[in-house]
Structures are given as C-alpha cells and as structure tokens.
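A.B. asks: Below you will find the structure I want to go over with you.
FYI, it's all coordinate maths here, none of it is from the lab. Every value quoted in this text rests on a predicted model; they were computed, and no experiment measured them. Because the Cβ atoms are built from the backbone with ideal geometry, glycine has one as well, and the counts that use them run over all protein chains shown.
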Amino acid sequence: MEEKYEGVAIGIDLGTTYSCVGVWHEQNDRVEIIHNDQGNRTTPSCVAFTNSQRLIGDAAKNQAATNPSNTIFDTKRLIGRKYSDSIVQKDCLLWPFKVIAGTNDKPTIVVNYKGEEKRFVAEEISSVILSKMREIAEAFLQTPVKNAVISVPAYFNDSQRRATKDAGAIAGLNVMQIINEPTAAALAYGLQKRANCVDKRNIFIFDLGGGTFDVSILTVKNNVFEVKATAGDTHLGGQDFDNIMVDHFVKEFRNKYKEDISENSKALRRLRTACEKAKRTLSYDTDATIELDAIYKGIDFCSSITRAKFEEMNMNLFEKCMNTVNICLADAKMDKNSVDDVVLVGGSSRIPKVRQLLQEVFKGKELCKSINPDEAVAYGAVVQAALLSEGSKNVPNLVLRDVTPLSFGVSELGNLMSVMIPRNTSIPVTVEKTKTYYECYDYYNKYSVTVKVYQGERITAYDNKLLGLFNFSVPPIKGQLTPRGHLIHLSFSIDVDGILNVSAKEETSGYKKGIAMTNQYCRLSTQEIARMIQEAEIFKAQDMEFKKKVTAINALDDYLHNARKLMKDDGVGSKLTPVDKEKINSAMIKGESLIDGNQQEDMSVFVDLLKELESIFESSKNKINKGYSDEESDWVLVDDFLVISFD
Ligand code: ADP
Ligand code: MG
C-alpha cells in the first residue's frame, strides 16, 4: 500500500476552463464538492491583474471583457510546453494576453499589474488557481489544508505532469499524487456503482471539456481499476466550438456592416462570452440569440443561431472526437460490444449531437449520465486523496492501477526512436536495458557519448518530445580512428504520477559511471520554485492588503453617509458649536474627496480619517450632552452612529 499522509487531504480537478475541489466528508462517508464564495461548485481557471488588485476565479472572468490583455486563462494549454511549440504559437494568436519566449524557450505571460509590467510562467498562474481552490476548501473546513491530489488529462506528457506538480509546490501544497482525469472519473462512477464492482466491467470514459479531450477504457474488477488504453487530444474542447461560432459571427458582422470586429480585442472577448452562452443554450434549446449593445464602433449587434447550424459548423470536430473513440477501442483491442458502460464527463459532453454520435458509435447503447459531468473528476480525485490520507475513515477500499499514455524511449543510430516503455504499460514500472552508443568528438575537444530521452509515438526520435539528455565524457583511446562503441545501461522508472525517472551507466570495461538526467527542458529549477513560493506569498499578502483597504474605504464611506444624514436630516448640525461644525465639515469634505478620488492613497489615510471623524464627533457629543442634557434622545442616534468604526 502507498505511503499515508497526515492531515486533511483535498482532491482538485485543475481544469483548462473550470476547476473543482472536494473533500471526504467524515460524518457522511461521502465526497463533498465544495462551492466557492460565489456559491458555484466550479471556479473559472482564470486570473486577472488590474491597476489595484489581483482577481481569481469568477471575479477574474467577470471583468475579462473590460480588461482582456491582463486576464489570463487557458494556462493549462501552456504548462510544460515550449514557446516555439506549434500548438503554443497557434494559441497565442487567439489569446488577448501577451505571451513571449522566456528563458529556455519557456512561455512567459506578460501583464500589467498596479501600473508595472509583471511576468509569469504557466506554473505560477496555475499555482494561483490551486491556492484559490485550497482557500475554498479551507473556508469550508475551517482548517488549514496541505495535502492534495491533482488531476491532469491522461494525455499529459512527462513535462506537463512535472510542471503541474511544480504549480502545486508553488501554491504551498503537498501534491500526494497526480491522477489522470478519466481514471478519476471512473473512480467516481465506480464508487457510485459500488455494488456492481465485484464482477468485471469495461468502462469507457468520454471526457470532452473546455480545452482538452480524453477517452479511456478501464476495467473494474473486485474494486481494482485498471486503465487499458487512453487516447485524446490536448487541444480539442468547448473553446474550439466557441471559436468557430465567434468566426461565424465575425463574418456575419463583416457582411452586414462592412466592419471587422476582430480588430478589437474587447469586442471579440464580449462576442466570445456571448457565444459560449449561446452554445450552452443550444444544448437544451433549438436556437439561441446573441445581443450585444455597442459591440464595435457603436453598432448594436443582434443575431441568432440554430442548433442545426451549430452542429453543421462543428461536425468536423465532433467526428474527430468519434475517430479518437475508435482509435482507443482499437488500442485496447476491445470490441464495442464488450464495453459495459459509456460514461459522459466534461461540460461539452452535454452537447446533444456529441451524445447522439457517441451513442451511434456504441450501436445505440444507453449512455451513463448518473454522475455530474462537471464534478466527476474532482469527485474521483477526492476519493484518491482520502485513500492516501491517514485520517480519512470509511473510504471504500479501491485500488487504482493506471497506464502510461505515451511511450518513453531513447534515440538510436539513424535517429530512430528506440522504445524503452511502450504506451499503455501499467504503472508504476521499471525497465532496464543495455544499448550500444558511439562516441563523438564534442565542442570541448573531448570524446563524448550523448543519450537523449524522448516521449511520443513517432518513429523518428526528433519528432517526439525531448525530455532530457545524458552526456558522458569518455577518455579517448590513442591511435583509434573509428568511433568506439560504449555499452550504456539504461534504467527507466515511471512512478504512480506517470512521471519518468531515468538513470544511465556507462559500462564499457574500465569506465563505469552512473549519472542522473540533466538538462530537463522547460523544467523549473528548485531555486526558481523557491523564489516563486516567496513571490506567491507576497502576492497573497498584497491581495489581503487590498481587501483590508477596501474594507477601510467602505467603513469610511458608511460613516460619511451616516454623518451626512445626522448633520442634515436629524438636525444635529444645528446643535454643534461653530468650531466643531467647521471641523466636522472639513473632515467630511476631505473624506468625500478621498472616496471620489482614485483611491491610490495608503490604507492608513482612510483609517486615520475615520478615526479623526470619530474623535471629533465623540468630543462634540460630550460638549453638547453637557449643554443639552434634556435632549438625550437625539444622541441615541449619535451613539448608534458612533458604533460604526473600522475593525
Ligand atoms: P475543463 O475540464 O476543460 O476545464 P469542463 O469539463 O469544466 O472543462 O467543461 C467546460 C466546457 O464545457 C466549456 O467550454 C463550457 O462552455 C462547456 N459547457 C458547459 N456546459 C455546457 C452545456 N450545457 N452545453 C455545451 N457546452 C457546455
Ligand atoms: Mg475537465
């Protein structure tokens, strides 16, 4: 059995578009999905920066249209990738925020925060979302949370998994395990069908979310979950359907008004939001309308779209999904008829045409809709978190077995990919092999042997993802003209998170050397992570500071409102001495101009003014009380009023 962790553990579905968090409910022996401060059970994976503050989740998404260049979303598409990656290049064209190539070709997001340029890598933005999910859980549990299981798409490669773990570390979380999303969904489904888990069942998970698409085949027997095959596309989901609809309306606008909305990022963002809404409507209605006032150059844009048109526009993508389903079945060498359950996961699995096509692929089989498609992944992550934590009681004794979604290997002579661990191998696993490599003369006038480690399915190693390399400097043999063969012993281990660890040893007689993999492209160093943890703390402190300032401003605003009422409506003004009246009036004018200004002053300015007002009122009350002792009743109001003070 795995290592057990102390303390509360949460499960987080860190989605491309929405994230979800849950915890094992001890009293009820079940998973509790936790709602955020807005009352929503999923939180947009969105972070925004403004001149005064940082916003996360719903608050960030809600202001996206007015602040598009500083509202960051979709970072899951960037995580663990290089800037020069063609997928990243393509995405950058669609995003309203700026992404540049940072150190080691790492994509770096550039934003304006409090009037200054700030740069973030994807791990940092993801860590902000993870911190938010953790806070949501902490607010619900009323206790600090450290341990978490985080889900990733099954198709995530080694770098993407490592980068997700790094994001967890920056958020100050102890990532107990990375779990594949479809596996988590199967766990959720299996748990609900607990009674039937004794007999062998083949479960097909179809997860079509906002940015990623995953399909998996799992078998469940005696509560053991084994992933048989996975397939998918890290770049296919609801946002693609949104983009197609956006293009459609941009064209319509051009035809109608001879103007190009796409030139204006704010207009485009508003249109995209409206399209997403219309798309959701089309899942239950046969047509949807779009109404956008003054969308571009003062033009009001009204239009509509039918479900049939939406389906026609996206048919290629829907069919692509079904092809992937067939590939996965072929990989698992499984006949459609042997699939017992087809489970729908991800918000986009609600699209009726997708359901219809999927049902046709499975020859009319009824699809399982018993679990909430938005929460299934988080639900499974919670179960795994509970299984791994010492404190959780009455968790069903399930065992999870997963497979690696992509092959791992090394480059061979002729640059061919020599596979060490083929895809769909059960993990954890260790494979050891000895291979012959030839030395070459390197830049430093030394003979060296280079072993390059790749992940992917292409025959040519260069077409796969380079994960890292080993460089052995070997002593040259005098008088030898031809390259010498070296035996290199390679050991590849994949852990439960699907992360690869490699070691290599040069074994040719007289020169044995073990070495750990160097040059892991795109990976953050330990120092960088430590720096980012510190920075994350600073940002968090600034967020807190901003909240306190807003509270101080509101308290002053409230006080001024009541003071105005008291002075005018309740006639207290006429009872004050001229000096006190003047003092109060001038403090109130000062306060009003502070509130109406750009509020850039320090929090202390607002707090101090409130204190000043309170003290002037207090002293004038005392004076009046002496002279007007028979009018105590008026001062009941003043007393009430004086109770309002800044906490
Ligand atoms: P992810 O896991 O990629 O973050 P989710 O599973 O949360 O994504 O799904 C989000 C996507 O689902 C979004 O693109 C959203 O527009 C889409 N979606 C949500 N509800 C519906 C619906 N009723 N009909 C169609 N699409 C929907
Ligand atoms: Mg998802």
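A.B. asks: When you have a sec, figure out the Kirkwood radius of the chain from all distinct Cα pair distances and drop it here in Å to one decimal?
C.D. replies: Final number for the Kirkwood radius of the chain is 28.3 Å.
A.B. asks: For the chain, what does the relative contact order come out to in percent, with C-alpha contacts under 8 Å and a separation of six or more?
C.D. replies: It comes to 13 percent, rounded to a whole number.
A.B. asks: Which entries in the list 61/549; 548/581; 118/465; 266/590; 221/365 go over 28 Å, if you measure between the two C-alpha atoms of each? Spell out each step's value before the answer.
C.D. replies: Values: 61/549 23 Å; 548/581 30 Å; 118/465 30 Å; 266/590 36 Å; 221/365 22 Å.
From 61/549; 548/581; 118/465; 266/590; 221/365, over 28 Å: 548/581; 118/465; 266/590.
A.B. asks: Taking the Cβ-Cβ separation of residue 462 and residue 27 as r and a Förster radius of 51 Å, what is the calculated FRET efficiency to the nearest 0.05?
C.D. replies: 0.35
A.B. asks: Now for a separate question. With just the Cα atoms defining each centre, how far is the stretch 68-105 from the stretch 544-592? Give it in Å.
C.D. replies: 49
A.B. asks: Please give the contour-minus-distance gain from residue 291 to residue 315: 0.36 nm per residue of separation, less the Cα-Cα distance, rounded to one decimal in nm.
C.D. replies: Numbers: separation 24, 0.36 × 24 = 8.64 nm, distance 2.52 nm.
Between residue 291 and residue 315, full extension yields 6.1 nm more.
A.B. asks: Using 0.36 nm per residue of separation minus the Cα-Cα distance, give me the extension gain between residue 105 and residue 565 in nm, one decimal.
C.D. replies: 159.5 nm
A.B. asks: Whole-Hz ³J(HN,Hα) for each residue in the stretch 356-372, computed from phi via Karplus 6.51 cos²θ - 1.76 cosθ + 1.60 with θ = phi - 60°, x for glycine and proline: what do you get?
C.D. replies: Coupling constants for the stretch 356-372: 5, 5, 5, 5, 5, 4, 8, 6, x, 4, 5, 8, 8, 10, 6, 9, 5 Hz.
A.B. asks: Still on this structure, please answer the following. Which cross-chain or sequence-distant (5 or more) residues have an amide H under 5 Å from the amide H of residue 51, H modelled 1.01 Å from N in plane?
C.D. replies: The answer is 114.
A.B. asks: Using only Cα atoms, find the angle between the long axis of helix 307-331 and the longest principal axis of the chain, and express it within 0 to 90 degrees, rounded to the nearest 10.
C.D. replies: So the helix axis and the longest Cα principal axis differ by about 40 degrees.
A.B. asks: Let me ask another. Just grab the label-to-label distance for residue 257 and residue 143, each label 7 Å out from Cα along the Cβ direction, in nm (one decimal).
C.D. replies: Going by the 7 Å Cα→Cβ label model, 5.6 nm.
A.B. asks: Rounding to the nearest 10 and keeping the result within 0 to 90°, find how far the Cα-based axis of helix 181-192 lies from the longest principal axis of the chain.
C.D. replies: 80
A.B. asks: Further question: Select from 430, 318, 546 the residue farthest towards the positive end of the dipole of the chain; place +1 on Cβ of Lys and Arg, -1 on Cβ of Asp and Glu, and compute about the Cα centre.
C.D. replies: Comparing the listed Cα positions along the dipole, 430 ranks first.
A.B. asks: Turning to a different aspect of this structure: For residue 601, project a label point 7 Å along Cα to C-beta. Then give me every residue of the stretch 542-573 with its amide nitrogen under 19 Å of that point.
C.D. replies: It comes to 545-564, nothing else.
A.B. asks: Working from Cα positions, state the angle (0 to 90°, nearest 10) between the long axis of helix 122-141 and the longest principal axis of the chain.
C.D. replies: The helix 122-141 is inclined about 60 degrees to the chain.
A.B. asks: Can you put 374, 331 in order, fewest other beta carbons within 10 Å first? Walk me through the intermediate numbers first.
C.D. replies: On the way: 374 22, 331 16.
Ascending number of Cβ neighbours within 10 Å: 331, 374.
A.B. asks: A further question on this structure: Let's test the formula: R0 of 45 Å, r as the Cβ-Cβ distance of residue 222 and residue 94. What FRET efficiency results, to the nearest 0.05?
C.D. replies: The pair residue 222/residue 94 has a calculated efficiency of 0.45.
A.B. asks: Can you work out the FRET efficiency for the pair residue 436 and residue 69, with r the C-beta to C-beta distance and R0 = 56 Å, to the nearest 0.05? Can you show the working numbers first?
C.D. replies: Working: r = 53 Å, r/R0 = 0.95.
The computed FRET efficiency comes out at 0.55.
A.B. asks: Using Cα centres only, tell me the gap between the stretch 188-259 and the stretch 125-176 in whole Å.
C.D. replies: Value for the Cα centre distance between the two parts: 22 Å.
A.B. asks: Still on this structure, please answer the following. Whole-Å semi-axes of the stretch 1-129's equivalent ellipsoid, largest first, each the root of 5 times a Cα gyration tensor eigenvalue?
C.D. replies: One finds semi-axes of 30, 19, 13 Å for the stretch 1-129.
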